[in-house]
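Right, one structure below, let's go through it.
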């Protein structure tokens, strides 16, 4: 409790720094590009079109049977994209902040936090692409859309927690950066982004038969994405298991992240 | 009242003979028992008290631990042993331009660096003209900082760091940049701050400057306090004993 209080106090004291750092990243990201922030919308939209085309023509297997596949896919892409962008940019945040924290005292968690916030800002801009796609495909708008805030907010905390752990680990072992890219690629195939796990068959490892939809339930990202889809696309509320799994994973990841980060942060300066 | 209290501070660095930057290397080395560190004490049992409104100088040869001490005081390093107490807000000028982003313009950097120092955007807006006037760089405000010369960067940085009335100002070699007119201006500004009650800790290789500006001086040698006392005495001793190169400046 005391720990949390200290964090919140620091957070309040350095809120302007956080704001300014996000502003800086934003300016630098779109500086010198003609379309600027429009890319945040255009990029996921174009990626979505590519994937829809790939999955409904060339590979012709998954899109079938899913209602409004383009939107279904786009939700998965956006949320998963937020997670990978948030975690991998948080991961390198301490290295990027090296010139600063070697000279001035700043609470170090500001940097991973800023990166995850920036990823969220980008993600929010990208939701415009989702709106466009929903209009284009004539998807219905349900009142349950408001409930989508819950999976989004918990996903944010989850990403922050994972990002903090990765940031601390990367300071000591740069290998983590390379591994994480591989890991997220593997994770992508297990997050039910472009398929419905219920349609998937089973696979065998040795003599063991494993049901894909059972395995996927152990992936927290699956729950955030599914929860978001349920509220936005299907107009259903959140099921009880969505509520508690999303919440529990977020809290666990955040607690672990804060603990690991706090334990190691005094040593960061000596290793970057 | 003591604004800065440093009690028996030691700072140890592990100078790894080889840096293990990958897991495989690290584990291989650990398995073979090759994980040796050479211990290096940058500071050993350093104690220091700075009273309110005092202008305290730190002198010593290169590598004697002056900058490390300032970093310990400003909280960047956590001391291996001993304790540091600082009362009030610190404005660290350990290296000018820390926290500047070279891709941003000077205007944007003033806000970014101001918030790094814990100022509010509203306060920076109020003082913006004063900062710009002090740095004399009004014509270049919207130029990215990467196109600035180091002297120009230093001007902006000094102007931002001294715009508040910090309780403790920590300055490492910052007065050596900039032309002589700007140096005079900086000294002037530091005197102003001090008359307003700011305590200053200054590292400088210019003995004349330390003698002229500081009340008390600490002389560090190889991480230990060699001598502590009023400026004239310590500077004189430093000149005659080990400070030949410094005296030549």
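Each reported figure results from applying straightforward, stated rules to the coordinates on display, with no laboratory input. The structure presented is a predicted model; accordingly, all values stated were derived computationally and were not measured. Neighbour counts run over all protein chains shown; Cβ positions are idealised from the backbone, glycine included.
Things worth noting here:
- Relative contact order %, segment B:97-165, counting alpha carbon pairs below 8 Å whose residues are six or more apart: 43 percent
- Average beta carbon contacts from partner chains per residue of B:108-116, 10 Å cutoff: 5
- Rounded if a/c under 1.5, otherwise prolate or oblate - segment A:179-266, Cα gyration tensor axes: oblate
- Relative to one another, the C-alpha centroids of segment B:41-98 and segment A:214-272 are positioned 41 Å apart.
- Number of partner chain Cβ atoms within 10 Å, mean per residue of B:121-128: 1
- Cβ crowding within 10 Å ranks B:49, B:214 as B:49, B:214, fewest other Cβ atoms first.
- The mean count of C-beta atoms from other chains within 10 Å of the C-beta of residues in A:105-117, rounded to a whole number, is 1.
- By other beta-carbon atoms within 10 Å, ranking A:114, B:95, A:67 with the fewest at the front produces A:67, B:95, A:114.
- Pairwise centroid distance, computed over Cα atoms, of segment A:110-139 with segment A:78-101, Å: 17 Å
- Prolate/oblate/rounded label for segment B:22-119 (Cα gyration tensor, a/c 1.5): oblate
- Computed from Cα atoms alone, the Kirkwood hydrodynamic radius reported for the protein assembly as shown is 26.3 Å.
- Relative contact order (%) - criterion: Cα under 8 Å, at least six apart; region: chain A: 25 percent
- Acute angle (nearest 10 degrees) that the helix A:240-271 long axis makes with the longest principal axis of chain A, alpha-carbon atoms: 30 degrees
- Theoretical ellipticity at 222 nm over chain A - DSSP helices of four or more residues, -39500 (n - 2.57) apiece, nearest 500: -23500 deg cm²/dmol
- Tilt relative to chain A, helix A:175-189 - C-alpha long axis, 0 to 90 degrees, to 10: 20 degrees
- Helix A:110-136 axis, angle to chain A major axis (alpha carbon atoms, nearest 10°): 20 degrees
- Computed over chain B: relative contact order in percent, which uses C-alpha pairs under 8 Å that are six or more apart: 26 percent
- Packing-based exposure ordering (other Cβ within 10 Å, fewest first) of B:119, B:28, A:95: B:28, A:95, B:119
- Per principal axis, descending, Cα span of segment B:68-212 in whole Å: 46, 32, 28
- Residue A:219 paired with residue A:54, simple spin-label distance in nm, labels 7 Å along Cα-to-beta-carbon: 1.5 nm
- For chain B: rounded, prolate or oblate by the Cα gyration tensor [a/c cutoff 1.5]: oblate
- Taking all C-alpha pairs of segment B:97-165, those more than 20 Å from each other amount to 14 percent.
- FRET efficiency for residue A:2 and residue A:175, using Cβ-Cβ distance with R0 set to 22 Å, rounded to 0.05: 0.05
- Taking 0.36 nm per residue of separation and subtracting the Cα-Cα distance, full extension of the segment from residue A:9 to residue A:204 would add 65.0 nm.
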